[in-house]
Amino acid sequence: MAAAGEPHSSLYDTIVVGAGIQGSFTAYHLAKRGRDTLLLEQFPLPHSRGSSHGQSRIIRHAYAQEHYTQMMAESYGLWEQLEAEAGAPLYRQTGLLVLAANTNPEFQRFCQTLAQHHIPSELFTAESLRGRFPGIRPYCGEAGVSDRTAGVLYADRALRAVQDGFRRCGGALRDSEQVTDIQPGVVVTVTTSGGVYQAKSLVITAGPWANKLLAPLGLQLPLQTLRINVCYWKEKVPGAYGVSAHFPCFLAICDPHHIYGLPSNEYPGLVKICYHSGSPADPEERDRPPEASGLPDIQVLQDFVSKYLPGLVPEPAVVEHCMYTNTPDEDFVLDRHPKFSNIVIGAGFSGHGFKLAPVVGKLLCQLSVGEEPSYTMEPFGIRRFPALPPAAL
């Protein structure tokens with residue numbers, strides 16, 4: 001796709017760098033407030049180089065951390081608002097099953113937050129799980145708790161919808177423009193491969209490329225970029241694990257990383273099941289030829305599928321890839337640059353940010369216009385990282 005939207009101002013209110021789901025929602029909220037906003041993307045749109053592509057993501061209230069469950073209440077409403085604006089469905093309710101040993105502390109926190117926030121849910125013993133979900137075998141006698149509000153977000157469609165909404169509000173979106181230089185100041189100057197732009201404020205939502213842009217600004221965050229194998233597994237009986245058969249999304253609490261799955265839908269007869277971690281990788285090398293055989297995460301998934309999902313062939317039929325950008329605690333970074341208060345950073349979404357993007361975008365918008373954020377920002381502050389050099393702080 002060619003670059004969309006000619007520059008219509010010599011000085012923008014805000015420039016947003018990175019047109020993934022977080023940057024796009026940030027730009028959308030800014031434009032809705034009447035802010036003259038430029039959204040920059042280094043690759044031609046649409047692309048599959050970052051963390052926002054693909055057809056599906058899980059949406060859920062269920063979290064072990066209460067601050068995310070609180071944010072999801074508003075996020076659901078904002079997704080519904082975008083859906084109404086787009087005139088097309090962006091979400092399908094399927095429910096979510098959290099699977100773990102009943103004594104697991106994280107599982108207990110899931111149960112507590114669901115109960116405290118009055119989210120429709122149901123507890124299952126290993127026996128009742130077998131009765132309700134015959135396609136799932138609780139191999140080690142696991143218990144379960146359901147989040148009935150959960151489901152599948154149509155990710156590609158959602159990203160297009162928010163970018164279309166941004167443009168309808170007068171925003172300018174320019175793709176195929178890589179940022180080559182950022183000069184901070186009262187007016188920030190951003191140089192790209194296609195031009196030079198200025199703005200009163202800058203928001204950096206560059207995913208795996210965040211630290212590359214932050215380094216010249218004297219800041220390096222403790223971010224780890226991971227290459228994730230997105231695996232699809234064939235049903236032995238077509239439709240048995242499908243949305244029409246009321247098979248839910250699921251999240252299995254495993255040590256050290258979770259395993260999650262979505263019912264068959266995007267690829268007929270194939271169930272998406274992934275390991276919530278991956279291999280350290282430079283984002284510039286994400287598209288190197290896949291090496292599915294012998295990878296530890298693939299082997300973990302094969303073992304899980306053979307033990308817990310007997311109706312699936314325990315060998316991935318399709319392996320795709322995406323990037324995670326993880327913080328050490330897997331909480332996001334949503335904060336102003338410690339030295340340049342008109343530069344705002346959204347980073348480290350750690351593989352669970354898509355569903356929260358409507359609220360993340362609102363918070364980054366509030367930070368960039370100097371408003372008090374709607375939520376406590378303590379979990380998301382840069383200063384929580386003690387290893388940052390004193391000069392950065």
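The values are calculated or read from the model by the stated rules, or taken from the named source; none is laboratory data. Keep in mind that what you see is a predicted model, and the values were worked out from it rather than measured. Methodologically, a virtual Cβ is constructed for each residue, glycine included, from the backbone with ideal geometry; neighbour enumeration extends over all protein chains shown. The area values use the complete protein model at the heavy-atom level, side chains included, leaving out ligands, DNA and RNA. Shrake-Rupley method; radii C 1.70, N 1.55, O 1.52, S 1.80 Å.
Against the criterion of being at pLDDT below 95 and among the small types (Gly, Ala, Ser), SER277 qualifies. At least 1 residues being polar (S, T, N, Q) is the threshold, and among the strands (runs of 3 or more DSSP E) wholly inside the stretch 194-269 those reaching it are 196-204, 224-235.
Scanning the stretch 292-326 for residues that are among the small types (Gly, Ala, Ser) and in contact with a strand residue (DSSP E or B) (Cβ under 9 Å, 6 or more places away or on another chain), which turns out modelled with the lowest pLDDT?
Taking the stretch 292-326 and keeping what is among the small types (Gly, Ala, Ser), we get 292-294, 306, 311, 317.
Then drop every residue that is not in contact with a strand residue (DSSP E or B) (Cβ under 9 Å, 6 or more places away or on another chain), which leaves 292, 306, 311, 317.
Working: ALA292: 47, SER306: 98, GLY311: 98, ALA317: 97.
Taking the candidates together, the pick is ALA292.
Does LEU226 fit the bill of being open to solvent by less than 10 Å² (accessible area, probe 1.4 Å), touching a Pro at 6+ places or on another chain (Cβ under 7 Å) and under 30 Å from THR149 (Cα atoms)? For LEU226, the condition - open to solvent by less than 10 Å² (accessible area, probe 1.4 Å), touching a Pro at 6+ places or on another chain (Cβ under 7 Å) and under 30 Å from THR149 (Cα atoms) - is met.
Evaluated against (1) in contact with a Cys (Cβ under 9 Å, 6 or more places away or on another chain); (2) open to solvent by 10 Å² or more (accessible area, probe 1.4 Å), ALA64 falls short on exactly one condition, (1).
For the stretch 171-183, filtering for residues that are open to solvent by less than 50 Å² (accessible area, probe 1.4 Å) and either assigned to a strand (DSSP E or B) or closer than 20 Å to SER341 by Cα (or both) leaves 5. Quick check: is even one residue across the stretch 319-335 without any contact (Cβ under 8 Å) to a residue 12 or more places away in the chain and either of a type in the set (Val, Ile, Thr) or open to solvent by less than 20 Å² (accessible area, probe 1.4 Å) (or both)? No, that holds for no residue. Does THR113 satisfy the condition of being part of a loop (DSSP other than H, G, I, E, B) and in contact (Cβ under 8 Å) with a residue 12 or more places away in the chain? Considered against the rule, which asks whether it is part of a loop (DSSP other than H, G, I, E, B) and in contact (Cβ under 8 Å) with a residue 12 or more places away in the chain, THR113 comes out as no.
A Cβ distance below 7 Å, combined with a sequence gap of six or more or placement on separate chains, defines the contacts here; from the stretch 234-250, residues that are open to solvent by less than 90 Å² (accessible area, probe 1.4 Å) reach residues that are modelled with pLDDT under 95 and in a helix (DSSP H, G or I) in the pairs GLY239/ALA245.
Each row is one residue, and each column tells you yes or no for (1) open to solvent by less than 10 Å² (accessible area, probe 1.4 Å); (2) modelled with pLDDT of 95 or more; (3) farther than 22 Å from MET72 by Cα.
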{"position": "PRO338", "(1), (2), (3)": "no, yes, yes"}
{"position": "GLY353", "(1), (2), (3)": "yes, yes, no"}
{"position": "PRO373", "(1), (2), (3)": "no, yes, no"}
{"position": "PHE380", "(1), (2), (3)": "yes, yes, no"}
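Restricting GLN42, GLN70, GLN108 to those that are closer than 21 Å to VAL360 by Cβ, in a helix (DSSP H, G or I) and open to solvent by 10 Å² or more (accessible area, probe 1.4 Å) reduces the list to GLN70.
Screening VAL305 with (1) in a loop (DSSP other than H, G, I, E, B); (2) crowded, with 19+ Cβ neighbours inside 10 Å gives one miss only, at (1). Would you tally the residues in the stretch 117-160 being touching a Gly at 6+ places or on another chain (Cβ under 9 Å), assigned to a helix (DSSP H, G or I) and either buried (at least 22 other Cβ atoms within 10 Å of the Cβ) or not acidic (Asp, Glu) (or both)? So the answer is 6.
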